[in-house]
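Working notes for the structure below.
The values are calculated or read from the model by the stated rules, or taken from the named source; none is laboratory data. None of these values were measured; they are calculated from a predicted model. We place every Cβ from the backbone using ideal geometry, glycine too, and count neighbours over all the protein chains shown. When the accessible area is computed, the model is the full protein with side chains, heavy atoms only, and any ligands, DNA or RNA have been set aside. Shrake-Rupley method; radii C 1.70, N 1.55, O 1.52, S 1.80 Å.
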Amino acid sequence: MTLNVTDLFRTYGDFQLRVDVTVAKGEFLSVIGPSGCGKSTLLRMVAGLEAADGGSIALNGQEISVMAPEKRGIGMVFQDYALFPHMRVAENVAYGLKLRKMGKGNREARVRELLELVRLTDKADDFPATLSGGEQQRVALARAIAPNPSVLLLDEPLSALDARLRIDLRRQIREVHDRLSLTTLYVTHDQEEALTLSDRIAVMRQGRILQTGSPRALYETPGHLFTGTFLGLSNTLEGRLEAGWFVTEEGQKVSTARGEDGPGVLFFRPHHVVLHGEPAPGRLPFSVTRVEYCGGWSLVHGTTGPHGVVVFDSAETRWAAGQQGHLEVVSGQAQFFPGETGVTECTPRF
Amino acid sequence: MTLNVTDLFRTYGDFQLRVDVTVAKGEFLSVIGPSGCGKSTLLRMVAGLEAADGGSIALNGQEISVMAPEKRGIGMVFQDYALFPHMRVAENVAYGLKLRKMGKGNREARVRELLELVRLTDKADDFPATLSGGEQQRVALARAIAPNPSVLLLDEPLSALDARLRIDLRRQIREVHDRLSLTTLYVTHDQEEALTLSDRIAVMRQGRILQTGSPRALYETPGHLFTGTFLGLSNTLEGRLEAGWFVTEEGQKVSTARGEDGPGVLFFRPHHVVLHGEPAPGRLPFSVTRVEYCGGWSLVHGTTGPHGVVVFDSAETRWAAGQQGHLEVVSGQAQFFPGETGVTECTPRF
Amino acid sequence: MTRTSHRGWGARLLWLVPLVPTLILFYLPLSVILAEALKGGEGPSPFVRLFSSPYTFRVIGFTLWQALVSTVVSLILGLPGAWLLGRVSFRGKRLLKALTAIPFVLPSILVVLAFVIFYGNSGVLNRFVMGAFDLKRPPFTILYSFSAIILAHAFYNFPLAARLIGSFWERHNDGPALAARTLGAGPFRTFFTVTLPGLLPAIFSAAGLIYLFCFMSFAVVLVLGGGPRYTTIEVEIYRAARISLDLDMAAALAVVGAALTLVLLFLTVKMQHRASHAVRGQAARRGTTRLSGPVRFVWGLYILMVVLVVASPLLALVGRSFLARTTRSGPLVWTLKWYAMLFTETGPSLSLAAVKNSLTFAMLTVCGALPLGLAAAWVTTRSKGALGRLTETAMMLPMGVSSVVLGLGYFKCLALFFPDYSGSRAAVVAAHVVVTYPFVLRAVSASLKRISPSLPQAARTLGAGPFRTFFTVELPLIRSGLVGGACFAFALSMGEINATLILAQADTVTIPLALYRLIGAYRYFAACALGALLMGLCVACFLLLEWMGGESLDPERD
Amino acid sequence: ASEKNNEKLVIYTYDSFASEWGLAPKVIPSFEKMTGIKVELVSVGSSGQVLQRAMLEKDHPKADVVIGIDNNLLAKAKKAGVLSAYRSKGINRVPESLRFDPEFQVTPYDYGYFAMIYDSEVVKTPPKSLEDLTSERFKKSVILMDPRTSGPGLGFLLWTVSAYGDDFATYWKRLTPSILTITDSWSSGYGLFTNGEAPVVLSYSSSPVYHVAFEKTDRYKAAAFKEGHYMQIEGAGILKGAPHRKAAEAFIDFMLSETFQKEIALTNIMFPANSATVLPESFSHAVKPEKNLQLSPVEIMNEGEGWIATWVDTVSK
Ligand SMILES: Nc1ncnc2c1ncn2[C@@H]1O[C@H](COP(=O)(O)OP(=O)(O)OP(=O)(O)O)[C@@H](O)[C@H]1O
Ligand SMILES: Nc1ncnc2c1ncn2[C@@H]1O[C@H](COP(=O)(O)OP(=O)(O)OP(=O)(O)O)[C@@H](O)[C@H]1O
Ligand SMILES: Cc1ncc(C[n+]2csc(CCO)c2C)c(N)n1
Ligand SMILES: [Mg+2]
Ligand SMILES: [Mg+2]
């Protein structure tokens, strides 16, 4: 099933959603964007739960935007789970199967299989109210997958799970997707999920899709500063491009970068920086404000002039809060965005 | 305020919680553990929202377990936000301040300050029902911090936020904590959050605290296999220790490790492995099943014999699904856990 | 340390707030009258007399059966209305909501009058059809039969069902219903498998109420049923207590009625508990529907039906209040003279005094019943298990005890403790409060149960004590329930007649009493005028209550 | 009880007596003016309820006089022992046949005959007997009252008992198809009738007087039955231990006086007990039957409950 969303439009007070997006058959498209940018609203409109003010939604070329939700053959995992409170876990999962008139034996087998998938076999006879947040979320996932929908919409289906389980389940979701060659629209606020799971990522901001592209393309060569700063950790310096060199406001040459001369922002990842003890030409003075231990590595937070910068370092980093260092942006890795001014805009709508 | 939880005890059907934990004044303690292990229940008991079946909770040596919740001076962010639906965002935040009889002017200033902190200034006059999930969560955070409690309990306060905002806010939370030298108990399922934020981490499993320790200690030298596998990505191989060497069931020597001889599990991180094209003594055959791009790096998933193994690699990894490689566990980095058998137990209670 | 720790003294004392008045104002008079009657005189025990007659079993059986049929019919007719009130936004909704309470306030004698005027053999309906098709005999014989009883009960109760269930539906989270749609369930399937089960707490609550009403109904049964063929326990009590002067028998019957009520109440409370599944972490997001094209037509039909059942008898009644005959069988002319007469009859106007008294009693009753019902609801929803259900049942029992018996109990009690008593307004109000507060309790506890427990908990962690929490968080969230309860209390007090008759001073006349007298003097046109006045007053008061209670802070207004 | 305040008198009566369209507003003021006694009139529902109230307060009576104890209630009142005897001088002007309580615990003030009233525009040939009522042409046409709750209802039951004896139940069985409804009170039944719900209703033979006098129509007529008509005599009595005995006696005397008696005809639509009272012109429309029926209070007391039980059983099937 190819999903075509064309000029879909919805207004809530001063919030405006206007989206064009296509998900090819068998494609896994993640939608990421700051909280409140309209991700859930988009999904709800595709599922038919929210009326659009205009625009079209087509599945395999057939217009479905006036079709009843149950006719669309779309499965959905709700951000707030929306479990049936009066049904036990197994009944929740079996609901869609019953509607498809699946025989009792098959149904029970399928429910068992799904509960195993989400590791909730022992909660089969419990009511949702007694489940923990993560358990509820997994029931919602199992329930949506159960009837083998041809299009699957997932609204942050793993947000309440621990890292371990999340990694497990995201692999399962992808496997289910691949096996059934589902068309999947996946909303997440977890960039790692988006990067690892998706064929393509759509970056949403303030009700619009800013950019879509493969995870690697968006991460490594983001077309917009917003995409770059939103997807993964990053740093930005304000300054100007002069003859292929980025120069800070203080006049220091930092790194080569492509682009037209003029004011703008230099964008680079934390692993595109090296921290040195000694000053050298091109290096910026850096004061360490905080060092975060992240397991296999550390994040060194600090400032250079007015800018906060975060730097990857090994777990056994030599840096500690309060120290002074010198920051080198590895040449050729940084990107220049002309005309932009800093990163504040990646925070929610203002 | 020092928080002392001694032998706190609660039963729900076949779920049993029994916890001993101390949080020193000004300490930031994170509680992590699989979904359903009792994290929320622990917090709710400390806040006085759930009666214990036994045990004691003391603040600065004073027993508070029979004290009314509002007398405890404990602030809490609820996993389900629990915003007052009949109050606007600003009123929600001001609620605790009003109870403290703060003057109108001060109150308004404080509310504004907090809404700025969570970036919701423009939603001040909205009702919670119209906010997105993440927006609601941020209101809950602002509301709990507002009255400057001396102990702060946070139940997955950032789970609905995007990575960027989460990193921002976790820094803010830590700053608030440091500035007010709060005693903080932080529940999260996000290991990165736990690692970066905490002074100490308590690992919970099936209603008990298995282990507490500094993030680094727990990550690098976990006392339990569960801790190791739960906190961050990891790999395990089954086999036995023979004269300081770990030997697989097939009889291949893999890595040196400390411990007594006997059967057990070898534990190592994805970045403690190197993948080679060519076989060599000590290297294990490895078939790549999936490569996940994670932004600055890649994760190479594969199998060696019956075991799944995940390996860190650069973003420009040469590996792709279907290829065969050879896996070297970097000597001295792996840890041996005698008597254990695999990692299934880090999944939720079974 | 054990469970139920940190409950302050305040919370504990709160138990006494509903309990003490219930004991003094209800259980004391009840036990006095029962003890008095059952200590027995000469002759066989009233219970022996009661159960030796097959008639008794017929009466009990019929009481249960007619109440069941009435309840089911009312619920079926009420559910679509509940959807309209709860889910659809349209203009005039507020007014419609206020209108739904009208049947409820009408003293049954007035309803009977309205039914006769509209459905009777010489009623508007029959005469209209006879005129249109030139018939000699009235085509519909609706009244004086079983279906007349059901029709009247439905008339009373289906707007009530719509209102009660509607206000629950309004705040009901539609997430699960939407999820069902995405899983392939059509609107009907979704309704029956997801929405309806979700509404069950409200449905059981409404059903319990309606069942009790019909269980206790007597004027309707008496007049529209067509005689002793259709007799309920309540009618028998009325006959025994007030006419046959057989207090023993009345008390015995009251015991039987109360026991049955108790069982019924307990069952509905239990079913209600069973049916409510609070889900942690779900904020209700209101889905307000707009009606479109063909759907509108269907709803048009529904509204037409409503108009036929509810509005037309009332309109006929109001219409008649503006009509007069020139002579006994002469032509009808429009007039305002009945209204004028209501306020200008001999001496200090009777109707004016009645209006004043009724309003005073109703206001005071609301003031008493609201806090009492609220406290009872709060206490009972917080207590769990069998004990909680028992207390809830015990506090709702006043709903199931005939006001005749209660009035007599009061009378006895007053004679016992205040020998010089000779009728007072305080006693009337107290009786009204007792009769009405269980309705407040019902209405409030339904909305109280729906509040996610983490909301008051959040308030507690922010430093609010239980009282503060109650006033700042729970109270605003149960406002709609409170308004509903207040409307009930007001309405019931406006319509109450039995206890008033026994307890009020001779010169204290209320609107229903005046109505009785007007009808007793077969001054039907004037009675219609007074009835119309009563309806108008009630609508005005409901609108006022709605406006006071609903407007300012409602988060989910559109 | 001691004489507390002779300037006061408390009376319990039934609604229609006390209502502003009843007798009370017409007669009480003149009594007060005449004697200087302040009357407190308490209206407690139907006549049965008057007696009940008196029984409830037996130990501490608050009222002095009860109005509305008729020949059918007498037995019950006596059994309860709430009344005390008083023989008013005015009783001499009451015909012997109306003095239904030989002990004078109850003093009669008016009387009437139960009768079927029919709408002459609908019923062209009126029923001539109780038996006529069972005929097919009256199918669902008759409004009756419940003997357990209504004076006239009890009166009609006793009427059938006196006409049919022990066979009255089979008569009722035959009558059932003709009954449209059985109301609990006379007023609701009569109201239905005047409203056009049915062409025949149980009431008093004097009822047409009302329509002639106040509505100027003789459309509603009383049917004369060949079995004879059952009679009702209404009375008042003084309670045992009445706080204001003197005033009470004065009131009973007043009830038999001309001032009171002359109001009865057109206000209560009954025949005044004082035979000297001049009846208004319209009373020519009131049927005064040749044969009147009455059962003795003793018989009613002994058998009444059994009759009612049989009746209930017959009609409720
Ligand atoms: N029913 C509604 N009424 C008014 N405003 C609404 C409604 N639903 C959503 N909004 C607004 O629309 C915007 C988008 O909401 P949406 O739930 O789609 O965000 P989201 O991208 O899913 O955010 P999150 O990641 O926090 O879940 C928000 O600003 C929200 O306040
Ligand atoms: N009210 C209750 N009744 C019955 N069981 C309950 C109740 N509350 C919690 N539980 C059970 O207790 C266990 C712990 O629940 P808790 O909410 O503390 O988990 P958690 O660690 O917070 O999980 P998550 O990370 O998913 O939020 C779960 O198995 C849950 O099913
Ligand atoms: C038209 C007409 N007919 C008869 C009566 C008399 N009446 C009717 S009810 C009642 C008391 C018995 O319950 C009496 C005496 C009247 N008032 N109006
Ligand atoms: Mg969302
Ligand atoms: Mg939890």
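Put D:Glu57, D:Glu303 in order of accessible area, largest first, 1.4 Å probe: what do you get?
D:Glu303, D:Glu57
For the residue pair C:Leu323 and A:Asp125, what label-to-label distance in nm results when each label sits 7 Å from Cα along the Cα-to-beta-carbon direction?
Using points 7 Å along Cα→Cβ, the separation is 6.6 nm.
Name the shape class, rounded, prolate or oblate, that the alpha-carbon gyration tensor gives for region A:1-155, where a ≥ b ≥ c are the square roots of its eigenvalues, rounded holds for a/c under 1.5, and otherwise prolate holds if a/b is larger than b/c and oblate otherwise.
In terms of gyration-tensor shape, prolate.
Take every DSSP beta bridge with both residues inside region A:3-220 and express the antiparallel ones as a percent of the total, to the nearest 5.
55
Given label points at 7 Å from Cα along Cα→Cβ, what nm distances, shortest first, separate A:Pro306 from the same residue in every other copy?
Its label point is 6.2 nm from the equivalent points in the other copies.
Of D:Val278, D:Val287, D:Val50, which is the most mobile in a GNM of chain D whose springs link Cα atoms less than 10 angstrom apart?
Per the Cα network of chain D with a 10 Å cutoff, D:Val278 tops the list.
What percent antiparallel are the DSSP beta bridges of chain D, to the nearest 5?
Roughly 60 percent of the beta bridges in chain D run antiparallel, per DSSP.
Calculate what fraction, in whole %, of the accessible area of region A:3-220 sits on carbon and sulfur atoms when a 1.4 Å probe is rolled over the protein chains.
Here it works out to 47 percent.
Roughly how many debye, to the nearest 20, is the charge dipole of region B:3-220 about its Cα centre, given +1 on each Lys and Arg Cβ, -1 on each Asp and Glu Cβ, and no other charges?
For this selection, approximately 540 debye.
What are the residues whose amide H is under 5 Å from the amide H of A:Thr317, where those residues sit 5 or more places off or on another chain and H is modelled from the backbone?
none
When a/c reaches 1.5 or more, the comparison of a/b and b/c decides; with that in mind, is region D:1-157 rounded, prolate or oblate per its Cα gyration tensor?
Taking the square roots of the gyration eigenvalues as a ≥ b ≥ c, region D:1-157 is prolate.
Only sites in a loop by DSSP and with at most 10 other Cβ atoms within 10 Å count here; which trypsin sites (Lys or Arg not before Pro) in region A:222-270 make the cut?
Answer by residue number: A:Arg258.
Please say if region D:219-317 is rounded, prolate or oblate, where rounded means a/c under 1.5 for a ≥ b ≥ c the square roots of the C-alpha gyration tensor eigenvalues, and otherwise the choice is prolate for a/b larger than b/c and oblate otherwise?
Because a/c hits 1.5 or more and a/b fails to exceed b/c, region D:219-317 counts as oblate.
Would you rank C:Ser53, D:Ser203 by solvent-accessible area, highest first, keeping every protein chain in place and using a 1.4 Å probe?
Result, largest first: C:Ser53, D:Ser203.
How about region B:229-251: which of its residues lose at least 10 Å² of accessible area in the presence of all protein chains relative to their chain isolated, using a 1.4 Å probe?
Those residues are B:Thr229, B:Phe230, B:Leu233, B:Ser234.
Calculate the FRET efficiency for B:Ser56 and C:Leu301 from the Cβ-Cβ distance with a Förster distance of 60 Å, rounded to the nearest 0.05.
0.35
B:Trp245: accessible area at probe 1.4 Å, nearest 10 Å²?
90
Of all DSSP beta bridges in the protein assembly as shown, what percent run antiparallel (nearest 5)?
Counting only bridges with both partners in the protein assembly as shown, antiparallel ones make up about 75 percent.
Using a label point 7 angstrom from Cα along Cα-to-C-beta, what distances in nm, from shortest up, separate A:Ala24 from the other copies?
5.8
Under Stokes-Einstein, with the Kirkwood radius over Cα pairs standing in for Rh, what whole-number D in µm²/s applies to region D:101-250 at 37 °C and 0.692 mPa s?
198
Per residue and in Å³, how big is the convex hull formed by the alpha-carbon atoms of region B:233-338?
Once divided by residue count, the hull of region B:233-338 is 83 Å³.
Taking 8 Å as the Cα distance limit and 6 or more residues as the minimum spacing, I'd like the relative contact order of chain C as a percentage.
22
Residues with amide H under 5 Å of A:Leu327's amide H, sequence separation 5 or more or different chain, H placed in the peptide plane at 1.01 Å from N; which?
So A:Leu327 has HN proximity to A:His276, A:Leu284, A:Phe286.
Efficiency by 1/(1 + (r/R0)^6): what FRET value for A:Met67 and A:Thr22, r their Cβ-Cβ distance, R0 = 22 Å, to the nearest 0.05?
0.75
At a probe radius of 1.4 Å, figure out the B/C buried accessible area, summed over both chains, and give it in Å² to the nearest 100.
Chain pair B/C: roughly 3000 Å² of buried accessible area.
To the nearest 10 square angstrom, what accessible area does B:Asp261 show with a 1.4 Å probe?
Counting only protein heavy atoms, the figure is 100 Å².
So how much accessible surface do A and B hide from each other in total, probe 1.4 Å, in square angstrom to the nearest 100?
4600
So what are the three principal axis dimensions of chain B from its Cα atoms, in whole Å, longest to shortest?
74, 45, 35
Compare each residue of region A:38-82 in its chain alone against the assembly with all protein chains, and report those whose accessible area goes down by 20 Å² or more; 1.4 Å probe, heavy atoms.
A:Arg44, A:Leu49, A:Pro69, A:Glu70, A:Ile74, A:Phe78, A:Gln79, A:Asp80, A:Ala82
Distances from B:Ala280 to the same position in the other copies: list them in nm, one decimal, shortest first, using label points 7 Å from Cα along Cα→Cβ.
Spelled out, the distances from B:Ala280's label point are 3.0 nm.
Taking a point 7 angstrom from the Cα of C:Ser147 along the C-beta vector, which residues in region C:211-254 have backbone N less than 17 Å away?
Within reach of a label on C:Ser147: C:224-226.
What residue in chain B has the Cβ closest to the axis turning B into A, and how close is it in whole Å?
Axis-proximal residue of B, distance in whole Å: B:Ser159, 3.
Taking N as the number of residues in the protein assembly as shown, what is its alpha-carbon radius of gyration divided by 2.2 N^0.38 Å?
Scaled against compact globular proteins, the figure is 1.18.
Just how far, in whole angstrom, is region D:180-212 from region B:299-337 if you go by their alpha carbon centroids?
102
List the accessible area buried at the contact between D and C, summed over both sides and calculated with a 1.4 Å probe, in Å² to the nearest 100.
For chain D against chain C, roughly 4600 Å² becomes buried.
Going by accessible area, probe 1.4 Å, with all protein chains left in place, what is the ranking of B:Met102, D:Met145, largest first?
Sorted descending by solvent-accessible area, the residues read B:Met102, D:Met145.
Using a probe radius of 1.4 Å on heavy atoms only, what accessible surface per residue do you get for the protein assembly as shown? Whole Å² is fine.
Ligands and nucleic acids excluded, the figure is 37 Å² per residue.
Using a 1.4 Å probe, how large is the accessible area of D:Ser284, given in Å² and rounded to the nearest 10?
Spelled out: D:Ser284, probe radius 1.4 Å, area about 90 Å².
Please identify the longest segment of chain B free of exposed GluC sites (Glu not before Pro), where exposed means a DSSP state other than H, G, I, E or B and no more than 11 other Cβ atoms within 10 Å.
B:1-249
How large a share of the accessible area of region B:247-350, in percent, is made up of carbon and sulfur atoms when the probe is 1.4 Å and the other protein chains stay in place?
Carbon plus sulfur share of accessible area: 52 percent.
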